[in-house]
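Enquirer: Got a structure for you, questions after.
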Ligand code: T5A
């Protein structure tokens, strides 16, 4: 068995629908288990009891809200999740592996809903500045063409409120991830999500174990 990886890291996974985040996180956690690394696996929206209740509302196809309301609910969920789960875990020296974080808000609310409108992007920047005291150390952007991710995700049964959007929405979301990667190449790592789950996991491990 390998030695534990000592320094606590905050790792987020990002990408459009069905790119394989859940699968990649499963495989990363198996590696962390083998190395004896103490970690918390979590997700957004959600991750704490209150935030999971907000997640249900946010993904419910019956929910009918304005874009600003959706944005604020994402940050309400994030604020609770950070305070109750993410920050305490990092302070205790545990790794945090989070399925989606702030970059999803920029991509989905900023580019998907807001179509890249500078006013919407500036609202999001402001919320991040005020309510997110700790950014991820490493963000893994699983890069796969939108249609390929949808094909993978399409194997599942019922679509949630976001999955019901049209392809053009997800193309804008993709553009959002791509532009953030170009703007923040130190924190955000692009991972080619083509290939088998094991091949993707290996690419991720090379980045995480550095
Ligand atoms: N959201 C979230 C916002 O709008 N703003 C925000 O701020 C935040 C935080 C929920 C929604 O919330 C939105 C974005 C989302 O629409 P979610 O639960 O993460 O977010 O939903 P999804 O992105 O839809 O997650 P999915 O579960 O659909 O996709 P994953 O986790 O990326 O993909 P995964 O691993 O489940 O894989 C999908 C299928 O592909 C297969 C798997 O077995 C599975 O069947 N697969 C592969 N097949 C071939 N090759 C590979 N390498 C494969 N890897 C996985």
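No value in this document is a laboratory result; all are computed from the given coordinates. Nothing here was measured: the structure is a model prediction, and the numbers come from that model. Don't worry about glycine lacking a Cβ; one is built from the backbone with ideal geometry, like all the others, and counts go over all protein chains shown.
Enquirer: I'd like the projected area of the stretch 10-209, averaged over all directions, using the convex hull of its alpha carbons. Report it in nm² with one decimal.
Expert: With every direction weighted equally, the projected area is 10.7 nm².
Enquirer: Between residue 183 and residue 26, how high is the FRET efficiency from 1/(1 + (r/R0)^6) when r is the Cβ-Cβ distance and R₀ = 35 Å? Nearest 0.05.
Expert: 0.75
Enquirer: Would you mind computing Rg(Cα) / (2.2 N^0.38 Å) for the stretch 50-147, counting N as its residues?
Expert: Values: Rg = 14.1 Å, N = 98, 2.2 N^0.38 = 12.6 Å.
That works out to 1.13 for the stretch 50-147.
Enquirer: Using only Cα atoms, find the angle between the long axis of helix 21-34 and the longest principal axis of the chain, and express it within 0 to 90 degrees, rounded to the nearest 10.
Expert: Helix 21-34 sits at roughly 20 degrees to that axis.
Enquirer: With a cut-off of 16 Å, note down the residues of the stretch 184-203 whose backbone N falls inside the zone around a label point 7 Å from the Cα of residue 137 toward its beta carbon.
Expert: Answer for the stretch 184-203: 186-189.
Enquirer: May I pose another question? Please state, to two decimals, what the Cα-based radius of gyration of the stretch 9-67 comes to when divided by 2.2 N^0.38 Å (N = residues).
Expert: Relative to the rule-of-thumb radius for its length, the stretch 9-67 sits at 1.40.
Enquirer: Taking just the alpha carbons, could you work out the radius of gyration and Dmax for the stretch 1-117, both in angstroms?
Expert: 15.5, 51
Enquirer: How many nm is it between the label spots at residue 49 and residue 130, if each spot is 7 Å from the Cα in line with the beta carbon?
Expert: 2.8 nm
Enquirer: As I understand it, the value is the acute angle between the Cα axis of helix 197-208 and the longest principal axis of the Cα atoms of the chain; what does it come to in degrees, rounded to 10?
Expert: Compared with the principal axis, the helix lies near 70 degrees.
Enquirer: Here is a follow-up. Relative to the longest principal Cα axis of the chain, at what angle does helix 49-59 sit, 0 to 90 degrees, rounded to 10?
Expert: That works out to roughly 50 degrees.
Enquirer: Right, here's the next one. What number, rounded to the nearest 500 deg cm²/dmol, is the helix-based mean residue ellipticity at 222 nm of the chain, given -39500 (n - 2.57) per DSSP H run of at least four residues and division by all its residues?
Expert: Calculated mean residue ellipticity at 222 nm is -14000 deg cm²/dmol.
Enquirer: Same structure again: Suppose the chain between residue 57 and residue 84 were pulled fully straight at 0.36 nm per residue; how much longer would it get relative to their current alpha carbon spacing?
Expert: 7.7 nm
Enquirer: Continuing with this model, one more query. Between residue 158 and residue 207, what length comes free when the chain is fully extended (0.36 nm per residue of separation minus the Cα-Cα distance, one decimal in nm)?
Expert: 14.3 nm
Enquirer: What is the projected area of the convex hull of the Cα atoms of the stretch 159-210, averaged over all directions, in nm²?
Expert: Its average projected convex-hull area is 4.9 nm².
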